[in-house]
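Working notes for the structure below.
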Amino acid sequence: MKNKFFALLVAFAFVLNGIGTAFADTNPKKKAGQTSQLVALLPASDGVMTLDVQRLFNDALPQILSGNQSMLTDIVGKIDEIKTKTGIDLRQFQQVAVGVAAKQISAKEIDFEPVVLARGTFNAGALLAVAKLASKGKYREEKIGDKTVYVFTMKDVVEENKPQTKNSWFDKAIDRMFAGLSREFAITSYDNNTLAIGSLARVRETLQVKTRISNEFLDLVFRKQNVVMSFGANLPDGLSKFVNLDNDEFGKNLDAIRQIYGTLDIVGTDTVLAVTAKTLKPEQAQSLQETLEGLQMVGKALIGGSKSADKKVYARMIDNAKISRSGSEVMLNLQVPQGDIDILIGAKK
């Protein structure tokens, strides 16, 4: 499952290329409207994620990785290397919306089919030409309505353009990611400055406009706007079946969660994570809240007296997590100062 998700991200990296100069829109209301419009174009999905690409590259990554300059340099270097080898410049994108459909394939396994809508100030037709060049002709064409969809095998594209890795933590992660690529992905232009990328089935659903994201789902994803990342998901029945648990009580609390949504953002020098879990009944939410507060107490007791710097950070994070409830919703908010992130990120080599 993880390899499939990572594979989509790699496919996204290898087919995107900017034409013209990117800009960061400083009007938050305009940006929020553009992002919501993009999400509304997604087909019906079980999970949705939005990403402000400009803020990710300009604000989030430089700040979060400021305590480990070698890791930041590695990531920037890989982005530059991809641009040099393929003409792809990920910095030139503005908004990304991801819609994921979940399909249960066994009693304890779920498969995910994603589609990505990526929008920027580029010429979508030129990007498709770059994708075909990068594959060196290793693609096939499918016709969906008046659109031509290009279908690539990710392994073929990656082998032609794989960046040269060294021996850092980030390089090893990249190598593991490439090792798992084999499935196909499809790409086409949705409009002049928007690409649709994903499994062929999900791209087809996007173009045929038979289903769209529900208004209820849109309300979940956009409870808070103008953030680096927002997400929302409907959870499968019996969620505990898909998680290795030895605790029936905790499993019962997981099974009560029907939806989850939240945001990740940079506020000043802090990184802020907000997650809300929604249950069917208020009494289930109360039980979930009490369970989380109990785990918070246990966590503080277990690592509160540790002398190591990273465990002290974890202890502060557990202590600072704010757990609250309103009706059938349980909210968890965590604000982590950059100094603590520097300690954790600095340990990664």
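The values are calculated or read from the model by the stated rules, or taken from the named source; none is laboratory data. These figures come from a predicted structure and were not determined experimentally. Methodologically, a virtual Cβ is constructed for each residue, glycine included, from the backbone with ideal geometry; neighbour enumeration extends over all protein chains shown.
Out of everything in the stretch 52-111 that is assigned to a strand (DSSP E or B) and of a type in the set (Asp, Glu), what residue ends up being modelled with the lowest pLDDT?
Glu109
Quick check on Lys172: is it out of contact with any Cys (no Cβ under 9 Å at 6 or more places or on another chain), modelled with pLDDT under 90 and either outside the structural domain of Ser70 (by TED's automatic domain parsing) or among the charged types (D, E, K, R) (or both)?
yes
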